[in-house]
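In what follows, a single structure is set out as structure tokens and then discussed.
The values are calculated or read from the model by the stated rules, or taken from the named source; none is laboratory data. Bear in mind that the values here come from a model prediction, so they are computed numbers and not experimental data. Every residue, glycine among them, receives a Cβ derived from its backbone with ideal geometry; neighbour counts consider all protein chains shown. To get the accessible areas, we keep the full protein, side chains included, count just its heavy atoms, and leave off ligands, DNA and RNA. Shrake-Rupley method; radii C 1.70, N 1.55, O 1.52, S 1.80 Å.
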Amino acid sequence: MGLITPNDFPNLRELYTAQLRYLLSTEKQIVKGLPAMIEHADDAQLKQAFQSHLQETEVHVTRIEGLLQELMGDADDKKDPILTAIVSSGENIAKETDSGPVRDAGLIATAQKVEHYEIASYGSARDWAKQLGLTNHVSTLQKTLDEEKHADHLLTEISQRTNSSASKAA
């Protein structure tokens, strides 16, 4: 990825479009990475949460593609290097820990990093869509933002139990 210059985003619409392309990349990377997290998770509730979020994320991809199609006539993504780094750290946790509650705690931490990044990204995109008068985009982004917040809340609930089990393994 090259350096961003002042002319890359001359206005809010261009910045918003770039944000949608990054979000599309983010969601596609999550769709690609969640099956491994499901496979490596030991806790049944965690596996189910990851499985449900995979299905939800596939819908998120379709939503963002629709917004980009409407805005630009295409749905090209823009590789998100931040999410790539977070996913890589999760892969390392899976490789460097034994199956069980400690690995599950690490997988949850990685998943929550992703969720928090998505929450920030969707919140900004929603606010920009509002400023640009893209009312249907605002409602679509808000719905997705609410789903991301719900996923984070569920992971927090699971982590409270899993972290307790992980501390006993120490």
Exactly one of 149, 79 is surrounded by fewer than 20 Cβ atoms within 10 Å (Cβ to Cβ), within 15 Å of the chain's Cα centre (by Cα) and not in a helix (DSSP H, G or I), and that one is 79
Output the residues belonging to the range 36-64 that are in a helix (DSSP H, G or I), open to solvent by 60 Å² or more (accessible area, probe 1.4 Å) and not basic (Lys, Arg). 39, 44, 45, 48, 51, 55, 58, 59, 62
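Yes/no matrix, rows are residues, columns are (1) in contact with a helix residue (DSSP H, G or I) (Cβ under 7 Å, 6 or more places away or on another chain); (2) more than 23 Å from residue 89 (Cβ to Cβ); (3) at pLDDT 95 or above; (4) aromatic (Phe, Trp, Tyr):
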{"site": "7", "(1), (2), (3), (4)": "no, yes, no, no"}
{"site": "14", "(1), (2), (3), (4)": "no, yes, no, no"}
{"site": "33", "(1), (2), (3), (4)": "yes, no, no, no"}
{"site": "44", "(1), (2), (3), (4)": "no, yes, yes, no"}
{"site": "49", "(1), (2), (3), (4)": "yes, no, yes, no"}
{"site": "55", "(1), (2), (3), (4)": "no, yes, yes, no"}
{"site": "63", "(1), (2), (3), (4)": "yes, yes, yes, no"}
{"site": "66", "(1), (2), (3), (4)": "no, yes, yes, no"}
When (1) open to solvent by 50 Å² or more (accessible area, probe 1.4 Å); (2) closer than 18 Å to residue 57 by Cβ; (3) not in a helix (DSSP H, G or I) are applied to residue 98, the one that fails is (2)
